[in-house]
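Trainee: Structure in structure tokens, see below.
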Amino acid sequence: MNPHRTMSRFAATVLVTVAYFALTAASVGCGGGNSSGTTTPTVVANFTPDTATPEAGSITLLPGSTSGAAVNVRVTVTQVASFFGAAFRIKYDATALLFNGMDDSTSFLRGDVTDSSQLYFLADSQNAPGEIVITATRVFPAVPVPLVSTTSDLVMLNFVARRSIAVGAADGRLDFVDPKQACDGTVVGTGCGTIPIVDDHWKGGGVSAQ
């Protein structure tokens with residue numbers, strides 16, 4: 001048996017179970033969020049990233065397409081080697097923004113993986129108001145992406161502005177919050193091999209709606 005693949009399977013299990021539950025996500029609801037509340041139909045939403053040009057070794061929120069009050073936000077990875085998966089939380093103001101789901105169809109993790117059982121994507125917004133717990137990973141027998149050489153999409157998040165939000169306002173912020181981790185698919189102790197992405201290389205941004 002290929003020892004690297006055995007380790008990759010274990011690391012994936014750790015990422016999906018230990019890391020996921022460490023992020024306090026217990027339910028298996030995907031996307032959605034609470035659909036109650038009124039969305040202002042006349043506003044046009046936009047996302048402004050904290051950095052438009054991601055640094056090497058970073059996980060960054062970048063703008064995607066927009067449609068009226070709805071805006072897609074790309075969770076991207078830039079120049080990271082041996083990327084197997086990630087588990088993290090994103091914090092937002094649920095009174096200003098409605099989380100409307102996650103799209104993984106363009107994820108670079110899909111790469112040459114043809115068997116969907118070798119991929120795991122989950123976004124849980126039900127456990128804690130204003131927080132999304134996200135897991136995006138490969139599982140055995142898939143192996144890590146050798147190098148994410150260019151800024152590439154991990155997943156896409158969709159938000160809808162519930163009301164007008166000023167540019168730069170705190171209620172439009174989307175931020176990564178602890179705990180968060182990326183995994184290289186190897187095993188270190190009881191966890192997966194952590195990719196050392198420093199805190200200031202997890203970059204968020206802000207939604208405005210005018």
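Each value in this text was obtained by applying a stated rule to the coordinates, not by laboratory testing. Every value quoted in this text rests on a predicted model; they were computed, and no experiment measured them. We place every Cβ from the backbone using ideal geometry, glycine too, and count neighbours over all the protein chains shown.
Trainee: What is the list of residues in the stretch 47-72 whose amide nitrogen lies under 20 Å from a point 7 angstrom out from the Cα of ALA166, following Cα to Cβ?
Mentor: So the set is 47-50.
Trainee: Obtain the nm distance between the two label points defined at THR194 and GLN210 by a simple spin-label model: each point lies 7 Å from its Cα along the Cα-to-C-beta direction.
Mentor: 4.1
Trainee: Taking R0 as 30 Å, what's the FRET efficiency between LEU147 and SER67 from their Cβ-Cβ distance, rounded to 0.05?
Mentor: Once the sixth-power term is evaluated, E becomes 0.35.
Trainee: List THR135, THR48 from most exposed to least, where exposure is judged by having the fewest other Cβ atoms within 10 Å.
Mentor: In increasing order of surrounding Cβ atoms, one gets THR48, THR135.
Trainee: Could you calculate the contour length gain from ALA128 to VAL177, that is, 0.36 nm times the residue separation minus the distance between their Cα atoms, to one decimal place in nm?
Mentor: Difference between extended and current length: 16.3 nm.
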